[in-house]
Amino acid sequence: MSAHAQEVVVLVLVVVTALGFDFTNGFHDTGNAMATSIATGALKPKVAVAISGLLNLVGAFLSVEVATTVTTSVLKIQQKGSGNLLGGITAETALIIIFAGLVGGILWNLFTWLHGLPSSSSHALFGGLIGAGLASGGLSRINWDGLVSKVLLPAVASPFVAGIVAAIGTFLIYAITRSVRDSEKESSFRWGQIGTASLVSLAHGTGDAQKTMGVIALALIAKGSLTSGDITKNGIPIWIIFSCGAAIALGTYLGGWRVIRTLGKGLVDIDAPQGMAAEASSAAIILTSSHFGMALSTTHVASGSIVGTGLGRPNSQVRWSVAGRMAAGWVLTLPCAAIVGAACYGVAHLIGGVGGAVVIFIVLLSAAGYMYLRSRATAVHAGNVNDEWEGAPSVRSELSERQPAA
């Protein structure tokens, strides 16, 4: 097989795997938009994921700023002129780096989904790419300035900013409506939740679908089929935008019920006013960051917002043990995905060529199948996603018996 043919085969594997990552991103992160609306009864579970999936697809067409960030601010493998790549690597090596990084991101997404842990799909992707980049060329392969300013600093700041905004919003909501009967308050805010949850779904499509768009564009740049100038002048090709939007929408529609349960029931016993405050906070922060090209974690934002509503509501309690597990997952995401990405690159490089990429692809399919089968032993689905959280009080107020607003 000629060198060109091998590059084409690896490029196809990269595109397929990137769309697979986008699919896992969809079902892993559905809870960021819809967990609180499902938990409060504002939306029926299956209606919620259908709305979220559709708006994810629409959101993918709204912006390409984050995609541009991914192509330039993580790895140094772009063209530098005359078809050459930064660092003197071949197109095939660059594609293997991207491929190994995607595998690292997918496997971490599936592992955390299996355990119902709302970790960041974005940071799993970046971790995988960083690990593969380090394994291929050391520290010089990473764009550290872009990584720090566009990924790491937002990762640290976003949950705190979201939590503060949501806490203030929740406090004000309960202060302003303190004379309103609880039943009327719940009913009214559930309708408001439908709007704010839909906005978060739109924002999620705008932010997260773009990350995979950026990866595919980066692979095409490495192959020489696209240039950074083409993206600057004409934007991301429409087929990339549509395929990424469709992949994340399909994943969202299938519903990541395990993560939805953790966010909706595990952190806080959430009521409709809190849910609306959390969603409004998340949407505002995600849309703002997408406008400035920051590759923000929607999981960090949504989780911080939900915790903030627990702090802002009088007499509410946050389950800090669950929050602690989530925080540990956040800290581990980048390094663990990086280790997997580096290992995948090492195996693919050792075997060499298309054979190495195919072996890693088979490993990916095998590991994904194993984790899916494991998940069936303790299935979480639309019918039990709102069951009481273990350790929660057995007697709840009459407001717990909620009827869906839609």
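List of remarks:
- Only one of the listed residues (G356, G324, G369) is surrounded by 15 or more Cβ atoms within 10 Å (Cβ to Cβ) and part of a helix (DSSP H, G or I). That residue is G356.
- In summary, helices (runs of 4 or more DSSP H) completely within segment 111-193 and bearing 3 or more residues that are of a type outside the set (S, T, N, Q) and more than 30 Å from Y345 (Cβ to Cβ) occur at 153-176.
- Residue within segment 316-338 that is on the phi > 0 side of the Ramachandran plot and either touching a residue at least 24 places away in the same chain (Cβ under 8 Å) or out of contact with any helix residue (DSSP H, G or I) (no Cβ under 7 Å at 6 or more places or on another chain) (or both) present: no
- Search result, residues across segment 67-103 that are over 20 Å from G353 (Cβ atoms) and at pLDDT 75 or above: A67, T68, T69, V70, T71, T72, S73, V74, L75, K76
- Filtered by the rule that a residue be assigned to a helix (DSSP H, G or I), over 22 Å from N384 (Cα atoms) and among the small types (G, A, S), segment 10-61 gives A18, G20, G59.
- Inspection of segment 127-148 finds a residue satisfying the criterion of being under 19 Å from G104 (Cβ atoms) and among the basic types (K, R).
- Matching residues in segment 212-259 - criterion: being closer than 23 Å to A48 by Cβ and among the basic types (K, R): R258
- In segment 326-345, the condition of being more than 19 Å from the chain's Cα centre (by Cα) and among the polar types (S, T, N, Q) is met by no residue.
The values are calculated or read from the model by the stated rules, or taken from the named source; none is laboratory data. Not measured: the values here are computed from a predicted model. Neighbour counts run over all protein chains shown; Cβ positions are idealised from the backbone, glycine included.
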